[in-house]
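**Q** Have a look at this one.
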Amino acid sequence: MAEQPVTFPSADPSALLTLEGLFSAPTPGGAAGPGVVICHPHPLYGGTMQNNVVSALALVLAGLGFGVLRFNFRGIGRSQGQHTKGEGEAFDTEGAVGWLTVQPGCDPARVGLVGYSFGAGVSLTVAGRDPRVVAAAFVALPSQRLPDRVDLDACICPKFFISGELDTVSAAGLEQYVDRLPEPKRLQMLPGVDHFWQGSEGVLSAAVAAFFQETLGPAL
């Protein structure tokens, strides 16, 4: 189903902000289907919802019948507000999750979250505190987000970490971080892939889609 431009409010209690996104409705069927929110990379380094990884994930998940919402964090495109180094962007993500749960055809009990780079760091925060997120994937989690992160220590939802072996985050460092998180969890390192996934978007999207099909259930 074709993406439609949408707007929705951030969940930030200190700022009334309207954010923009692109939404693919779930494939029509007899029962409500799963939905996934996608968070883009760093806004100050060119990250938007049109990023190559974000676009590839949206295309593959929508093609499988998932409801999919990708959106621009505050201050990007037509989204109101200013960049806040992740704190406000977490509220933006919660606003996206809340909007997706009430869309026709979307099952509020089958909502997933996936973030790429900066978006993965923001998704860590949201997955650790928002019980509406029942499965979460983290693509190329940036190295500065690893030390002393406790966001997921109490999160028992399925977690999937995927990164390239040529990324700035070492495989050993990421393994050490994931090891201390509660189950269920999974880590996949892809050889020959760096932080930007150019030319490897298809492999990445297939892996993330398989994770959500397993944890949220098939959409069709």
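Nothing in this text is a laboratory measurement; each read-out follows from the coordinates by a stated rule. No experiment lies behind these values; they were computed from the predicted model shown. Every residue, glycine among them, receives a Cβ derived from its backbone with ideal geometry; neighbour counts consider all protein chains shown.
**Q** Taking the chain as a Gaussian network, where each spring joins two C-alpha atoms under 10 Å apart, which residue of LEU57, LEU141, LEU16 fluctuates the most?
**A** LEU16
**Q** While we're looking at this one, here's another question. Could you check the simple spin-label distance between SER143 and ALA32, using points 7 Å along Cα→Cβ, in nm with one decimal?
**A** 4.3
**Q** In square nanometres, what is one fourth of the surface area of the convex hull spanned by the alpha carbons of the range 1-48?
**A** Working: hull surface 19.6 nm².
Averaging across all directions leaves 4.9 nm² for the Cα convex hull.
**Q** Just in the range 23-106: which trypsin sites (Lys or Arg not before Pro) are loop by DSSP and have at most 16 other Cβ atoms within 10 Å?
**A** Sparse-neighbourhood loop trypsin sites (Lys or Arg not before Pro): ARG78, LYS85.
**Q** Net charge within 13 Å of LEU19 by Cβ-Cβ distance, Lys/Arg positive one each and Asp/Glu negative one each, not counting LEU19 itself?
**A** Details: positive: ARG70, ARG74, ARG78; negative: ASP12, GLU20, GLU89, ASP92, GLU94.
Here the count lands on -2.
**Q** Within 10 Å, Cβ to Cβ, of GLY35, how many net charges do the neighbouring residues add up to if Lys/Arg are +1 and Asp/Glu are -1? Let's see the in-between values first.
**A** Details: positive: ARG110; negative: ASP107.
In short, 0.
**Q** According to the Cα gyration tensor, what semi-axes, each the square root of 5 times an eigenvalue, does the equivalent ellipsoid of the range 1-97 have, listed from largest to smallest in whole Å?
**A** Details: eigenvalues 113, 44, 20 Å².
Its equivalent ellipsoid spans semi-axes of 24, 15, 10 Å.
**Q** When only Cα pairs under 8 Å and 6 or more residues apart are kept, what is the percent relative contact order across the chain?
**A** Details: 509 pairs, mean separation 44.7, N = 220.
The value is 20 percent.
**Q** Distance from the Cα centre of the range 105-147 to that of the range 7-71, in angstrom?
**A** Centre-to-centre (Cα) distance: 12 Å.
**Q** Per residue of the chain, what 222 nm ellipticity follows from adding -39500 (n - 2.57) for every DSSP H run with n ≥ 4, rounded to the nearest 500?
**A** -9000 deg cm²/dmol
**Q** List the pair-distance distribution P(r) of the range 149-207, using every Cα-Cα distance, as the percent of pairs falling in each 5 Å bin from 0 up to the bin containing the longest distance, rounded to whole percents.
**A** Calculated P(r), rounded to whole percents: 4, 18, 27, 20, 18, 11, 2, 0.
**Q** Take HIS195, HIS40, HIS83 and order them by how many other Cβ atoms sit within 10 Å, fewest up front.
**A** Working: HIS195 19, HIS40 26, HIS83 15.
Ordered by Cβ neighbours within 10 Å, fewest first: HIS83, HIS195, HIS40.
**Q** In whole percent, what relative contact order does the range 90-137 give with Cα contacts below 8 Å and a gap of six or more residues?
**A** 41
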